[in-house]
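Quick notes on the structure that follows.
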Amino acid sequence: MQPDARLVSIELVSDSLRQARHVASQRDISNVCFVNADVFRLPFPDECFDHAFICFVLEHLPRPLDALTHVRRILKPGGGLTVIEGDHRSAYFHPWSEDAWRTIECLVEAQARAGGDALIGRRLFPLLSAAKFGSVSVSPRVVYADSSRPEWVEGFTRKTFIAMVAGARQRALDLGLIDAVAWERGIAALERAAEQDGTFNYTFFKAVAKKGD
């Protein structure tokens, strides 16, 4: 990153924005402007940014193509775009468990019913192409964890992926996708992947593109 770069970070949720400002202040980061904004109603003029970075946002949106079109509007001709998204069905693990897989499927289904797409990583190329970005390139970024990498087991398997799935518990129960006993059994089975003989693998997708003239 250029040391004199000026950054603008947008966030829809006010509490998250306050937390971001607090972290930036604690770390003495002064070149970031935080804006409370909706990606579908970006409060910026046309062609004013050199680059846009989107991470784990499109998966939650009911109209990701529209969002990309709005982002394209504010980019200068030749401006760059970077998008990073996941694909929850790219997860595989040892020991295998149908119970564990069912909890992941509950998360995928709950997100779909809310209008999102937990599998959107695999769609980045056609989405960016449909939004009229050029030079689109997508590459998989694999995260793998086993007991020889304890920091990855703790940081990703437990505190990122399993925590994310566990966070969908109430939604899954409310939607009638699973019962409480089966849910707890599935989470316990998923936790086995974080034990000494367990392994876990997940794929993110990184897309880069440019806005044409």
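The table that follows gives values for the structure above.
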| quantity | calculated |
| --- | --- |
| With all protein chains modelled, accessible area of THR69 [1.4 Å, Å²] | 70 Å² |
| Hits among aspartates and glutamates - C-alpha to C-alpha of LYS211 under 18 Å, sequence gap 8 or more where chains match | ASP46, GLU47, ASP50, ASP66 |
| J(HN,Hα) series, segment 33-50, from Karplus relation 6.51 cos²θ - 1.76 cosθ + 1.60, nearest Hz, glycine and proline x | 9, 9, 10, 7, 8, 9, 4, 7, 9, 5, x, 10, x, 4, 6, 10, 10, 7 |
| PHE53-GLU195 pseudo-label distance in nm [points 7 Å out on the Cα-to-Cβ vector] | 3.9 nm |
| Segment 107-186 and segment 43-60: distance between their alpha carbon centers, rounded to Å | 22 Å |
| For GLU47, residues with placed amide H under 5 Å, excluding near neighbours | ILE74, LEU75 |
| Listed residue (PHE205, ILE187, ALA168) projecting farthest to the positive dipole end of segment 127-213, Cβ model | PHE205 |
| Value of relative contact order over the chain, rounded to a whole percent, pairs C-alpha under 8 Å and six or more apart | 27 percent |
| Residue-wise HN-Hα coupling along segment 184-197, computed from phi with Karplus coefficients 6.51, -1.76, 1.60 (Hz; x: Gly, Pro) | 4, 5, x, 5, 4, 5, 5, 4, 4, 5, 9, 8, 4, 9 |
| Theoretical gain in end-to-end length, TYR144 to ARG6 [0.36 nm per residue, Cα-Cα removed] | 46.3 nm |
| Heavy-atom surface of the chain, accessible at 1.4 Å and reported per residue (Å²) | 55 Å² |
| Share of alpha-carbon pairs per 5 Å distance bin for segment 1-49, given as whole % | 5, 18, 26, 24, 17, 10, 1 |
| ILE187 paired with PHE34, simple spin-label distance in nm, labels 7 Å along Cα-to-beta-carbon | 2.9 nm |
| Per-residue ³J(HN,Hα) for segment 131-143, Karplus 6.51 cos²θ - 1.76 cosθ + 1.60, θ = phi - 60°, Hz, x for Gly and Pro | 7, 6, 7, x, 6, 6, 9, 10, 9, x, 10, 8, 10 |
| Theoretical FRET efficiency, 1/(1+(r/R0)^6), r = Cβ-Cβ of ARG73 and LEU175, R0 35 Å, to 0.05 | 0.50 |
| Shape of segment 69-196, Cα gyration tensor, a/c cut at 1.5 | oblate |
| Eligible lysines near LYS159 by straight Cα distance, threshold 27 Å, same-chain separation 8 or greater | LYS206 |
| Other-chain or far-sequence residues with amide H under 5 Å of SER9's (modelled H) | CYS33, PHE34, VAL35 |
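The values are calculated or read from the model by the stated rules, or taken from the named source; none is laboratory data. Note that the structure is a prediction, hence the values are computed from the model and not measured. For neighbour counting, all protein chains shown are included, and Cβ atoms are generated from backbone atoms with ideal geometry for every residue, glycine included. Side chains included, ligands, DNA and RNA excluded: accessible areas come from the protein's heavy atoms. Shrake-Rupley method; radii C 1.70, N 1.55, O 1.52, S 1.80 Å.
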